[in-house]
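These notes are about the structure you will find just below.
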Amino acid sequence: MSAPPDQPRRGFHGPKCWLVTAIAGLGGIALRQATNFLNQRTRYMVVLAQNLYFHAMADNRGVMTLLADRAAEEDIKEEMLLYSVLAKERVNIANLRHVDEAIEQYLATTFGIDVDFDVDDALARLKQEGIVTELPDGTLETLPPHEAALHIDKLWDACLDNLPDTVVEEGKEIEGVADAATSRR
């Protein structure tokens, strides 16, 4: 129904409109404050987590262990990359620089990382482990993947077999309790 022609139209200029606008404005301010509170709490939790992490890593033994683990992981990655290239194609020791550049290029294009691949150390470790041999003409020859896996398994078995027993008097507490129980009978 429309208003009679002699009465003016109210539209959105009445007192109810101002009330709705005021409530919407207050709601917007409340929403912004709640969002600011949640963002501040999230930032605080991140700082707290970082501080707890660094305090847990603060002792020298933890830091040195972390560094040693990361270095060992890097060595293994270098060996795996070099082995995969050498297992796919025959390479002469004189062309090892090209292999180095190819691996660096592969890492840059595939993962977007710029590294200085240490091909000489990786090759020395693979030779020492018996996975790669250098023929008299300088050609590098690898064990086939299955044989290489068996060879590495034997190396691990030998390493684990030669670990020292850390507990020399293992089980004596139980045996001592059992001996005491039988002597009381």
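The values are calculated or read from the model by the stated rules, or taken from the named source; none is laboratory data. Because the structure is predicted, anything quoted here is derived from the model rather than measured. For neighbour counting, all protein chains shown are included, and Cβ atoms are generated from backbone atoms with ideal geometry for every residue, glycine included.
Observations on the structure shown:
- Cross-chain or 6+ apart pairs with Cβ under 7 Å, segment 65-89 first and among the hydrophobic types (A, V, I, L, M, F, W, C), then not in a helix (DSSP H, G or I): Leu66/Met57; Leu86/Val132; Leu86/Leu140; Leu86/Thr142; Ala87/Thr142
- Check on Leu163, at pLDDT below 90 and within 30 Å of the chain's Cα centre (by Cα): yes
- In segment 5-44, of all residues being outside any helix (DSSP H, G or I) and not charged (D, E, K, R), the one that is modelled with the highest pLDDT corresponds to Gly14.
- The selection criterion, being within 28 Å of the chain's Cα centre (by Cα), assigned to a helix (DSSP H, G or I) and at pLDDT 90 or above, does not hold for Ile152.
- Selection over segment 79-98 of residues that are closer than 23 Å to Ala149 by Cα and of a type outside the set (Lys, Arg) gives a count of 11.
- Residue match in segment 45-68 (condition: in a helix (DSSP H, G or I), modelled with pLDDT under 90 and among the charged types (D, E, K, R)): yes
- Subset of segment 115-148 [modelled with pLDDT of 90 or more, out of contact with any Phe, Trp or Tyr (no Cβ under 8 Å at 6 or more places or on another chain) and over 16 Å from Leu96 (Cβ atoms)]: Gln128, Glu129, Gly130, Pro136, Leu143, Pro144, Pro145, His146, Glu147
- Within segment 99-134, being part of a helix (DSSP H, G or I), of a type in the set (Val, Ile, Thr) and surrounded by fewer than 16 Cβ atoms within 10 Å (Cβ to Cβ) holds for Thr109, Thr110.
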